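Visitor: Have a look at this one.
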Ligand code: XMP
């Protein structure tokens, strides 16, 4: 197993995902982890991530000294290289110009890390690598025992190694796909140098997960809030495989779901897989609670609180359960650790069931706690969930509640559901669905004039939104073909009563958010 020490780079999770893709288990921990925790982790190798700080700052973050004393290979990336150089007796200085973006690195000699890995060869026989760089500081003197293994015109030491001790470092980012040979370089470190075995496979994760769950819960019953989203669906499938009927799912249908979604959840889990699912049709209660409410945050709070209330009512009826399962995944765990909120379990806000009555004393079961989203998806497919469900776009907890602007009314929800369905159906039909990260329709409670046949119409407006994004923090509006938008618009206006106009949202995030509320 590989220990990744995080110095705060935006790419740290990518390092972990790449290592896992190679088939090796790894964990991310903050750079200021205790020496004892490093030892207890029993790492086969350690990777030091990049980070935004400067090593030249007096109190800049440093790797725990034990990292260099354990006798295991260490790979420093960007900031990780600089701190390795500084801590082992080299020198790091601020460069007069920042290097950011593509660069060509000349690989020197035959270090075990880079040997025979190259994108091009120079006339003199040197290997050239196309890499992604992002740094201000640079190493200007190697620590004793190190040799230079890569260089660029602006960073004479773009890579260094002490092969004796198994210490390697690169100034560029092998974890990003722009570094074309990055995957091979990481694999060389993890497999070739650290000697890790590739045991982290979907099959093994499921098998280990199942035996861990069985050991943990024994004969107890487990409750799970099933939402139809990827994470809770995969938890349901995994727990069902592990403990069968000891699992009871509670599916609260808020009435704010997509067209036929409630029935699909029941068909997949109850009918097809034979999972015990209690469905609560709570649409009326949600509508009543939302009557007259216009403010988006107020709507979110009402929906969240009512969800918890209903979940608790149902859980209370299942008095024999001892465990509450949740679809917490690894990025949630890392975020909470990063936010220094202690080691507390994260409770997802939109199905926050943290307020369960104390007398129930439910213990938390989080079988996906160690997994990244892409791993969760692969698990889902392997466990037999339909791939449309597993690879579905994200859907917000408050559902259509924040896609009907202003007051949520049933007469708005119905046309919105149908418009959204048409949009998604056509995206799939035109093989555009997987090219956008999220797509949906929004109901605008605004009337506009139209004509149909001889008649004048005065009807509502539907907005379509489709975005491309990696992290949902920033997004670009998807440049869908005009012919496609034309088709979707015609279908919505022709097929749905009460809609006379369709608009397409061409705002990026920032400044606009992805959702309209
Ligand atoms: P925004 O609108 O903030 O959305 O750009 C970013 C991502 O978060 C989703 N989103 C939510 N998810 N509860 C959720 O579970 C919410 O209240 C919520 N609001 C936004 C949104 O769909 C997008 O994927």
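Readers should treat all values here as calculations from the given coordinates under stated rules, not as data from a laboratory. Note that this is a predicted model, so its numbers are computed, not measured. Every residue, glycine as well, gets a Cβ built from its backbone with ideal geometry; the counts of neighbours run over all protein chains shown.
Visitor: Quick one: if you stick a label point 7 Å off each Cα along the C-beta vector at residue 208 and residue 305, how many nm between them?
Guide: Taking the two extended label points, one gets 4.3 nm.
Visitor: So, in Å, what gap is there between the alpha-carbon centers of the stretch 456-517 and the stretch 420-445?
Guide: Here the two parts' Cα centres lie 9 Å apart.
Visitor: Same structure, new question: How far is helix 296-317 tilted, in degrees, relative to the longest principal axis of the Cα atoms in the chain, given as a value from 0 to 90 rounded to the nearest 10?
Guide: 80
Visitor: Let me ask another. Based on the alpha-carbon set only, what is the convex hull volume of the stretch 450-517 divided per residue, in Å³?
Guide: Dividing the Cα hull volume of the stretch 450-517 by its residue count gives 100 Å³.
Visitor: Hey, fewest Cβ within 10 Å first, where do 408, 436, 19 land in order?
Guide: Result, fewest neighbours first: 436, 19, 408.
Visitor: So if I take the alpha carbon set of the chain, get Rg, then get Rh from the Kirkwood formula, what is the Rg over Rh ratio?
Guide: Here the Rg-to-Rh quotient is 1.03.
Visitor: Fewest first, what order do 162, 505, 263 take by the number of other Cβ atoms within 10 Å?
Guide: Fewest-to-most Cβ neighbours within 10 Å comes out as 263, 505, 162.
Visitor: Next question, about the same structure. Report, for the chain, the % of DSSP beta bridges that are antiparallel, rounded to 5.
Guide: So the antiparallel bridges in the chain amount to around 50 percent.
Visitor: Report, largest value first, the span of the C-alpha coordinates of the stretch 2-193 along each principal axis, in whole Å.
Guide: So the three principal-axis extents are 50, 38, 31 Å.
Visitor: What is the antiparallel percent of DSSP beta bridges lying wholly in the stretch 410-504, to the nearest 5?
Guide: If we restrict to bridges inside the stretch 410-504, about 75 percent are antiparallel.
Visitor: For an R0 of 30 angstrom, estimate the FRET efficiency from the Cβ-Cβ distance between residue 32 and residue 220 and round to the nearest 0.05.
Guide: For R0 = 30 Å, the calculated efficiency reads 0.20.
Visitor: Give the shape of the stretch 62-156 as rounded, prolate or oblate, defined through the alpha-carbon gyration tensor: a ≥ b ≥ c are the square roots of its eigenvalues, a/c under 1.5 means rounded, and otherwise the shape is prolate if a/b is larger than b/c and oblate if not.
Guide: oblate
Visitor: Going by how many other Cβ atoms sit within 10 Å of their own, how do 391, 157 line up, fewest first?
Guide: Neighbour counts put them in this order, fewest first: 391, 157.
Visitor: While we're here: What shape does the stretch 202-390 take by its C-alpha gyration tensor, where a ≥ b ≥ c are the square roots of the eigenvalues and a/c under 1.5 counts as rounded, a/b above b/c as prolate, and the rest as oblate?
Guide: In terms of gyration-tensor shape, rounded.
Visitor: Working from Cα positions, state the angle (0 to 90°, nearest 10) between the long axis of helix 230-243 and the longest principal axis of the chain.
Guide: 90
Visitor: Another question, then. If you take the square roots of the eigenvalues of the alpha-carbon gyration tensor of the stretch 236-289 and sort them as a ≥ b ≥ c, do you get rounded (a/c under 1.5), prolate (a/b over b/c) or oblate?
Guide: Verdict is prolate for the stretch 236-289.
Visitor: Another one. What is the angle, in °, between the Cα long axis of helix 373-382 and the longest principal axis of the Cα atoms in the chain? Nearest 10 is fine, range 0 to 90.
Guide: Orientation of helix 373-382: about 70 degrees from the principal axis.
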